[in-house]
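Read-outs throughout are calculated quantities, based only on the coordinates presented, and are distinct from any laboratory measurement. Predicted model only: the values in this text are computed from it and were never measured. With ideal geometry, Cβ positions are generated from the backbone for all residues, glycine too; neighbour counts draw on all protein chains shown.
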Amino acid sequence: MQNYLIRNIAVVNEGRTTVQDVWIKDNRIEKIAPNITISGNYKEIDGTGKHLLPGVIDDQVHFREPGLTEKATIYTEARAAVAGGTTTFMEMPNTKPAALTQELLEQKYDIGRETSLANYSFFMGAANDNVEEILRTNEKKDRVCGVKIFMGSSTGNMLVDNYLTLDTVFSNSELLIATHCEDEKIIRHNMEVFKQEKGDHLTAADHPLIRNVEACFESSLVAIQFAQKHQARLHILHISTAKELQLFGNMLPLAEKRITAEVCVHHLHFTADDYAKYGNLIKCNPAIKSPENRDGLWEALLDDRLDIIATDHAPHTWAEKQQPYLQAPSGVPLVQHSLLLMLEYVQQGKISIEKVVEKMSHAPAICFQIKDRGYLREGYFADCVIVDMQAGSNVTKENIYYKCGWSPFEGHTFPAAITHTFVSGHLAYENGKFDESVKGQRLLFNR
């Protein structure tokens, strides 16, 4: 494998930015220091004026394989992720068939090993009737990122609304339990009310009123009650409301928290006012809501009640999204542009670059206890990204790498650029070109 020496680059790591040299050797970071001198065969990269960040770890993506490959594949979406500075992903189980058995789960790992340019892990899926299979995942707790529970409607047989099932999983799982929290009864009631009022003439603007604040809050409260009852390790995904934030604290260091929370980039960026422009393109679950919710999310992110920034990357075809509201599926493709979006907020002074690295790289590594990743540290895997904060990135149809071929950011110019992405020491992406000769690695966990 090629070794690299990155010279004179601003290294952003563990709350500090310092200009250093970084030597990458045999998959890992060998040395970080000023003015490194080495001999032998290596490629030198001039980092003057640029930043080196740990690769983004996205703890929630939907790459659609197996069974939904007209929308996306692990290959296409991992490639898009790497182009955007995401070196590691954790993928959700609601594929077709859903990953509800150990055999189906391992089949996804096989696909990842064969095709993924990024490092990978896959969640074990939960249903009302697969408790034994869920608990068998305890035997793989050092090799599987977690158990995913949909406490709201989802693809296929994955709505878990049986309290006996929930009680058994929360009391016996040795893995992190990640939940999608929306109360299905509240959503169904709201849908009936809106249908009676508007018939089939519903639009995306109705989405946050149907999948409303109360649906999110009530479901998150239930998940937390189960976790507290059993001292389970709970991670609530894609928080979208200001009201839910009262359920989370910042009094403990992240490594000591038993209950953690994630916010997604689209909930930090869009509000319900944007449905007028984007319509179904930003229809997602949980819904993008009114501006005061976005304001609350930003406040909680910055004061550490929200722990992780992720994407919930969920592509659908353009044709599917052009259907009427009731038929159009929920989900937005985001993984290629999540880091660029957050760096735009850095440029605006909304968040520091050190905080972005904390929330997108360090925190996922801590929450999931990922082995040797998430930091720029000697001895750690060289998952890292070179960023030019002075260059712009214009999003065009030609440089959108998602299989679905569209993005809500098409036509937008981000005020930064991803120039190089290293995955486990392999230079997988450089200035618009990919090297797919080496695949990403399966994550291991310190559990």
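Full extension of the segment from residue 128 to residue 188, taken as 0.36 nm per residue of separation minus the current Cα-Cα distance, would add 19.7 nm.
Within the straight-line cut-off of under 20 Å between alpha carbons, the aspartates and glutamates reachable from residue 141 are 58, 59, 91, 103, 106, 110, 132, 133, 167, 174, 256, 372, sequence neighbours fewer than 8 places apart in one chain being disregarded.
Calculate the FRET efficiency for residue 171 and residue 434 from the Cβ-Cβ distance with a Förster distance of 60 Å, rounded to the nearest 0.05. Given R0 = 60 Å and the Cβ-Cβ separation, E is 0.85. Label positions at residue 198 and residue 378, each projected 7 Å from the Cα along the C-beta direction, are separated by 6.0 nm. In this structure, residue 8 and residue 228 have a Cβ-Cβ separation that, at R0 = 41 Å, corresponds to a calculated FRET efficiency of about 0.25. Measuring r between the beta carbons of residue 17 and residue 142 and using R0 = 30 Å, the FRET efficiency lands at 0.35. Restricting the calculation to Cα atoms, segment 307-387 shows an Rg/Rh of 1.10 when the hydrodynamic-style radius is the Kirkwood one. A quarter of the convex hull surface defined by the alpha-carbon atoms of segment 87-190 gives 7.0 nm² as the mean projection. Within the straight-line cut-off of under 17 Å between alpha carbons, the aspartates and glutamates reachable from residue 289 are 182, 183, 206, 214, 218, 244, 262, 273, 274, 299, 312, sequence neighbours fewer than 8 places apart in one chain being disregarded.
Only DSSP H runs of four or more residues enter the estimate; each adds -39500 (n - 2.57), and after division by the residues of the chain the mean residue ellipticity at 222 nm equals -7500 deg cm²/dmol.
Values of log10 I(q)/I(0) for segment 153-257 across q = 0.10, 0.12, 0.22 Å⁻¹ run -0.35, -0.48, -1.25, by the Debye formula with one identical scatterer at each alpha carbon and no solvent.
Where the alpha-carbon atoms of segment 55-368 are placed on the principal axes, they occupy 50, 44, 41 Å, in descending order.
In segment 393-447, one over the average inverse separation of all distinct C-alpha pairs is 13.5 Å, which is the Kirkwood hydrodynamic radius.
Take the Cα of residue 106, step 7 Å toward its Cβ, do the same at residue 256, and the gap between the two points is 4.0 nm.
Summarising the strand pairing of segment 55-368, around 0 percent of its internal DSSP beta bridges are antiparallel. The gain in end-to-end length when the residue 299 to residue 31 segment is fully stretched comes to 92.8 nm, 0.36 nm per residue minus the alpha carbon separation. Each residue of segment 332-447 gets 130 Å³ once the volume of the Cα convex hull is shared out per residue. Which values of log₁₀ I(q)/I(0), to two decimal places, follow from the Debye formula for segment 1-121 at q = 0.19, 0.20, 0.23 Å⁻¹ with a uniform point scatterer at every Cα? Computed log10 I(q)/I(0) values: -0.97, -1.02, -1.22. Pairs from the list 96/195; 403/433; 277/403 with a Cα-Cα gap above 28 Å: 96/195.
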